[in-house]
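Here's the structure we're looking at; comments come further down.
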Amino acid sequence: MAENLMIRISVKAICDKKAQREKIAVLTAYDFPFARMFDTAGVDMVLVGDSLGMVVLGHQSTVPVTMRDMLHHTRAASRAVKHALVVADMPFGSYETPERALRNALRLIKEAGADAVKLEGGRAVEKQVARLVKAGIPVMGHIGMTPQTASGLGGYKVQGRDPKQAAQILADAKCLDGLGVFAMVLECVPSALAAKITRQVKCPTIGIGAGSGTDGQVLVMHDMLGIESGVRPRFVRRYAELEKTISRAAQDYIRDVRSGKFPSKAESFE
């Protein structure tokens with residue numbers, strides 16, 4: 001593992017994993033310490049997601065996240081990463097036109113150190129994706145349940161259960177694949193649909209709430225680590241309960257300060 005971590009993962013390496021039938025592990029990170037820890041652990045991609053609006057900044061959705069927010073957090077995460085591919089979300093309102101999309105994508109890559117960008121939507125953002133790919137910018141797609149437009153989809157719920165909607169999502173996937181995205185996120189879609197899309201597109205698919213038939217998986221770090229964010233989606237598996245651990249540590253510290261046990265003589269200067 002240590003030897004592999006000396007090699008920076010490329011977009012081509014991510015694409016090759018599909019042909020080699022190697023699963024792709026993706027986690028979100030929004031700052032230097034967590035990006036460093038996940039990178040050292042061997043994650044394939046670090047996604048600086050606009051989910052930071054909800055889990056870091058305290059918003060009720062991802063919509064209020066700005067380019068300034070994304071640049072700030074992408075800079076911090078990218079400074080830490082030596083191995084993984086860094087993908088930055090383009091926030092709501094940053095890619096309404098191909099020209100605006102190109103300008104903001106270039107900022108995330110040139111100013112903030114991202115290796116690639118992610119846009120939500122399928123055929124609706126066809127011109128934007130085509131413009132970025134033409135400019136040589138690696139693009140990750142995102143279809144199914146798209147958080148930036150969740151209110152228009154009826155909220156945060158599974159998409160593609162009825163045949164018509166499933167056909168639309170499949171068409172979006174094929175459109176993005178044809179445009180040359182290097183990967184795409186499938187969020188909150190039925191497992192069978194996700195598996196079907198995965199078989200029919202050339203690029204790797206990264207699932208979140210899309211079953212095990214995709215080429216990889218992504219989770220929001222706070223969900224995976226057991227740090228409360230107000231919701232607990234069914235598709236999340238918690239690998240730690242850091243909320244409880246951190247709360248206990250804070251309580252122990254407060255107790256020691258109030259009782260005079262901290263700092264001790266060993267923790268003080270003569």
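The values are calculated or read from the model by the stated rules, or taken from the named source; none is laboratory data. All values reported here derive from a predicted model rather than from experimental measurement. So basically every Cβ, Gly included, is an ideal-geometry build from the backbone, and we count neighbours across all protein chains shown.
Residues that are basic (Lys, Arg), farther than 30 Å from Lys17 by Cβ and exposed (fewer than 11 other Cβ atoms within 10 Å of the Cβ) occur in the range 230-251; there is at least one. Look at (1) over 16 Å from Ala114 (Cα atoms); (2) surrounded by fewer than 17 Cβ atoms within 10 Å (Cβ to Cβ); (3) not polar (S, T, N, Q) and you find that Ile24 fails only one, number (2).
With respect to (1) within 22 Å of Ile206 (Cβ to Cβ); (2) assigned to a helix (DSSP H, G or I), the lone exception for Arg107 is condition (1).
Taken over the range 115-136, residues that are outside any helix (DSSP H, G or I) and closer than 14 Å to Arg100 by Cα amount to 3.
Listed by first and then second residue, the pairs with beta-carbon distance under 6 Å, at least 6 apart or on different chains, first residue in the range 252-267 and without any contact (Cβ under 8 Å) to a residue 60 or more places away in the chain, second surrounded by 11 or more Cβ atoms within 10 Å (Cβ to Cβ) and part of a helix (DSSP H, G or I), are Phe262/Asp256. Taken as a whole, the structure leaves Ala84 outside the set of residues that are surrounded by fewer than 24 Cβ atoms within 10 Å (Cβ to Cβ), touching a residue at least 12 places away in the same chain (Cβ under 8 Å) and closer than 18 Å to Leu27 by Cβ. Does any residue of the range 195-213 turn out to be over 21 Å from Lys18 (Cα atoms), outside any strand (DSSP E or B) and touching a residue at least 60 places away in the same chain (Cβ under 8 Å)? Among the residues of the range 195-213, not one is over 21 Å from Lys18 (Cα atoms), outside any strand (DSSP E or B) and touching a residue at least 60 places away in the same chain (Cβ under 8 Å), which makes the answer no. Taking Val181 as the residue in question, decide whether it is hydrophobic (A, V, I, L, M, F, W, C), crowded, with 16+ Cβ neighbours inside 10 Å and in contact with a His (Cβ under 7 Å, 6 or more places away or on another chain). Considered against the rule, which asks whether it is hydrophobic (A, V, I, L, M, F, W, C), crowded, with 16+ Cβ neighbours inside 10 Å and in contact with a His (Cβ under 7 Å, 6 or more places away or on another chain), Val181 comes out as no.
The conditions of being at pLDDT 95 or above, touching a strand residue (DSSP E or B) at 6+ places or on another chain (Cβ under 6 Å) and basic (Lys, Arg) are met by Lys118. Kindly indicate whether His83 is outside any helix (DSSP H, G or I) and either outside the structural domain of Gly136 (by TED's automatic domain parsing) or touching a Lys or Arg at 6+ places or on another chain (Cβ under 7 Å) (or both). Judged against the criteria, His83 is a match.
Within the range 20-69, the set of residues being in a helix (DSSP H, G or I), among the basic types (Lys, Arg) and either touching a Cys at 6+ places or on another chain (Cβ under 8 Å) or free of Cβ contacts under 8 Å to residues at least 24 places away in the same chain (or both) comprises Arg68 only.
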